[in-house]
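A short worksheet on the structure shown next.
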Amino acid sequence: MRLRLSPRNESFFDLLTTTASQLVTGADLLGQVVEADPVRRPELAAALRDAEHAADESTHAFLRKLNTTFVTPFDRDDLYALASGLDDCMDHMEEAADLIVLYRIGALPELVRDQVEVLRQCAALTADAMPRLRSMKDLPEYWVEINRLENEADRLYRRLIADLFHNGTDAVEIMKLKEVVTALEDAADAFEGLANHVETVALKES
Amino acid sequence: MRLRLSPRNESFFDLLTTTASQLVTGADLLGQVVEADPVRRPELAAALRDAEHAADESTHAFLRKLNTTFVTPFDRDDLYALASGLDDCMDHMEEAADLIVLYRIGALPELVRDQVEVLRQCAALTADAMPRLRSMKDLPEYWVEINRLENEADRLYRRLIADLFHNGTDAVEIMKLKEVVTALEDAADAFEGLANHVETVALKES
Amino acid sequence: MRLRLSPRNESFFDLLTTTASQLVTGADLLGQVVEADPVRRPELAAALRDAEHAADESTHAFLRKLNTTFVTPFDRDDLYALASGLDDCMDHMEEAADLIVLYRIGALPELVRDQVEVLRQCAALTADAMPRLRSMKDLPEYWVEINRLENEADRLYRRLIADLFHNGTDAVEIMKLKEVVTALEDAADAFEGLANHVETVALKES
């Protein structure tokens with residue numbers, strides 16, 4: 001029998017994995033909001049809001065555990081940063097769906113679908129990577145791919161903004177769409193920020 | 001006589017309480033800016049700026065104390081977060097008043113008064129709660145009520161933004177008002193962020 | 001021969017100094033973007049992007065060193081904050097140049113040149129100050145002067161925004177210019193934030 005002097009509390013990883021799986025649900029619902037007929041969007045955005053609340057619950061459970069656990073699997077600050085990084089991803093996706101409904105936006109530019117597709121891939125990769133934090137194995141492929149996707153998101157964002165300002169005629173429409181497109185870009189940035197933090201943790205632990 | 005092995009430096013609480021009482025002054029002046037005739041607004045906004053500078057002074061005194069004190073009443077990072085949380089509340093209120101003057105805004109939508117009323121209540125509750133950090137007693141009623149007020153602020157904000165975009169005709173006017181309304185919403189969020197941090201501290205200390 | 005029990009790893013200062021010198025290059029290129037004929041701007045903005053990448057490289061080298069060094073010249077969090085403060089300055093300058101190109105802006109208001117001139121002075125002062133972190137000598141003159149420059153930047157920003165809203169006629173043009181002017185103001189704020197952090201470190205170490 002092998003004794004562990006510094007027992008690692010495994011269930012931090014379970015909670016991060018649960019939150020990350022809600023990002024997959026969120027990104028999927030966000031895709032449905034974008035594709036849907038405007039009259040169906042409010043109920044889809046409400047479902048995304050529910051997914052965000054569920055993610056908040058697991059984040060709170062994680063933080064309660066963090067505040068009451070003496071020995072943590074790695075640095076307390078890093079665990080906090082991972083949880084709040086996941087939270088940021090969800091918040092920006094929820095914000096984008098919410099703005100689409102609040103501003104009663106009609107048809108969205110085609111490239112917005114590509115933005116959401118990038119977010120869906122980011123969410124799937126993130127949900128896959130979280131359980132691997134336990135063993136710290138096979139993580140580089142995750143952060144390398146997220147960085148590649150964020151670069152793609154960045155190109156899409158810049159093309160969308162340029163199109164908006166050059167082809168748009170109604171200033172109010174431009175303002176509304178710009179906010180939606182920016183919330184989607186912020187979500188992609190949040191996925192990258194999280195992946196960068198995972199890289200930092202992996203470096204420290206190696 | 002009772003000896004304290006780990007003496008608590010009380011005056012951190014005094015400084016937080018001083019800063020919080022300046023938020024009450026600030027919220028009151030913000031209400032006056034909103035109600036006032038446009039020609040009187042610059043002097044009222046200047047008075048609010050003075051209140052913000054006074055709050056900055058007490059925050060700086062707090063941070064100096066924090067940087068030079070060895071044993072703090074609770075975690076250094078938490079004390080820092082509380083001070084900077086109070087600072088955020090004031091900054092956003094000051095920003096809102098400042099934008100009203102800078103953009104030479106005339107009449108404000110009725111719901112903006114409701115936003116400011118929520119902020120006044122948040123400031124009063126926060127000023128009441130700060131001295132209770134010493135004993136950690138009766139704090140849950142504070143953060144529960146702040147969370148309720150922030151939800152109300154959120155509903156007001158969303159109605160204001162929707163009204164602005166659907167009824168507004170002049171894009172430049174919409175841009176100006178949207179920034180004011182957003183600064184007020186950011187202030188409400190800052191009060192909630194502070195209350196959440198107080199909750200975290202209370203949990204750790206319990 | 002004098003033995004050092006707690007050897008200070010000098011090269012943290014070298015890396016900060018290298019990053020800061022890239023800010024001088026960046027501010028200079030930003031000035032060229034502003035002055036240039038619109039057709040020449042894309043290549044100048046690309047050169048600024050190269051300077052930003054070079055600064056990113058030295059920041060990454062700094063963070064790798066920070067994560068793998070046991071004894072650091074001062075608090076780990078402070079070193080992290082200094083590196084990310086330098087990074088923020090560069091990011092906002094790069095963002096401003098980028099927006100000028102992306103939005104295909106023509107002539108810029110005269111006061112934008114004054115904003116950039118302030119940033120050039122901030123960059124030069126910062127690059128001068130970084131090597132002095134080693135000895136902690138003659139730093140107050142740096143942060144006092146940066147604070148003075150930031151106040152000047154703030155006045156310029158407010159005049160530009162007021163002019164934009166009062167004299168501007170085209171809402172879309174106003175939106176574009178406002179973002180450029182705000183990115184420049186954010187850069188000035190970032191220089192001030194960094195100087196404030198240097199002040200905090202100096203206070204702790206004194």
Which listed residue is under 30 Å from B:LYS178 (Cβ atoms), within 16 Å of the chain's Cα centre (by Cα) and more than 10 Å from every other protein chain (Cβ to nearest Cβ), from A:VAL198, A:VAL181 = A:VAL181
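Checking the conditions here, which among B:LEU66, B:LEU102, B:LEU79 is in contact with a helix residue (DSSP H, G or I) (Cβ under 9 Å, 6 or more places away or on another chain) and closer than 29 Å to C:TYR157 by Cβ? Let's see the steps before the verdict.
Details: B:LEU66 fails: closer than 29 Å to C:TYR157 by Cβ; B:LEU79 fails: closer than 29 Å to C:TYR157 by Cβ.
It is B:LEU102.
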Of (1) in contact with a helix residue (DSSP H, G or I) (Cβ under 7 Å, 6 or more places away or on another chain); (2) over 25 Å from A:ASP186 (Cβ atoms); (3) open to solvent by 20 Å² or more (accessible area, probe 1.4 Å), A:PHE12 fails just (3)
Restricting attention to the stretch A:15-56, and to residues there that are among the acidic types (Asp, Glu) and farther than 24 Å from A:VAL201 by Cα, which single residue is farthest from the chain's Cα centre (by Cα)?
-> A:ASP37
State which residue is surrounded by the fewest Cβ atoms within 10 Å (Cβ to Cβ) when the search covers only the stretch A:167-186 and only residues that are assigned to a helix (DSSP H, G or I) and free of Cβ contacts under 8 Å to residues at least 60 places away in the same chain.
-> A:ASN167
Residues satisfying the stated conditions in the stretch C:139-160, i.e. farther than 30 Å from C:THR200 by Cβ and either open to solvent by less than 40 Å² (accessible area, probe 1.4 Å) or within 14 Å of chain A (Cβ to nearest Cβ) (or both) | C:LEU160
Looking at this structure, is B:ALA107 over 14 Å from B:LEU16 (Cα atoms), more than 12 Å from chain C (Cβ to nearest Cβ) and at pLDDT below 95?
-> yes
Listed by first then second residue, the pairs whose first member lies in the stretch A:155-166 and is part of a helix (DSSP H, G or I), whose partner is basic (Lys, Arg), with beta carbons under 9 Å and at least 6 positions apart or on separate chains, are A:LEU160/A:LYS178; A:ILE161/A:LYS178; A:ALA162/C:ARG104; A:LEU164/A:LYS178; A:PHE165/A:LYS178; A:PHE165/C:ARG104; A:PHE165/C:LYS176; A:HIS166/C:ARG104
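Within the stretch B:88-103, track down each residue that is within 20 Å of B:LEU15 (Cβ to Cβ) and open to solvent by 40 Å² or more (accessible area, probe 1.4 Å). Please lay out each step first, then the result.
If we filter the stretch B:88-103 for residues that are within 20 Å of B:LEU15 (Cβ to Cβ), which is where we start, we get B:88-91, B:93-94.
Once the filter is applied, which keeps residues that are within 20 Å of B:LEU15 (Cβ to Cβ) and open to solvent by 40 Å² or more (accessible area, probe 1.4 Å), the stretch B:88-103 yields B:ASP88, B:ASP91.
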Could you list, in sequence order, all residues of the stretch C:104-135 that are loosely packed, with under 14 Cβ neighbours inside 10 Å and among the aliphatic types (A, V, I, L, M)?
-> C:ALA107
Answer with yes or no whether B:ASP163 is among the charged types (D, E, K, R), within 13 Å of chain C (Cβ to nearest Cβ) and open to solvent by 10 Å² or more (accessible area, probe 1.4 Å).
-> no
Here the residues within the stretch B:187-206 that are surrounded by 20 or more Cβ atoms within 10 Å (Cβ to Cβ) and of a type outside the set (A, V, I, L, M) are B:PHE191, B:GLU192
Output the number of the condition that A:MET136 fails; it satisfies all remaining conditions of (1) out of contact with any Leu (no Cβ under 9 Å at 6 or more places or on another chain); (2) aliphatic (A, V, I, L, M); (3) within 14 Å of chain B (Cβ to nearest Cβ).
-> (3)
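The values are calculated or read from the model by the stated rules, or taken from the named source; none is laboratory data. In this text, all values refer to a predicted model and were calculated from it rather than measured experimentally. No Cβ is skipped: glycine too gets one built from the backbone with ideal geometry, and neighbour counts run over all protein chains shown. What goes into the accessible areas is simple: the full protein's heavy atoms, side chains included, and nothing from ligands, DNA or RNA. Shrake-Rupley method; radii C 1.70, N 1.55, O 1.52, S 1.80 Å.
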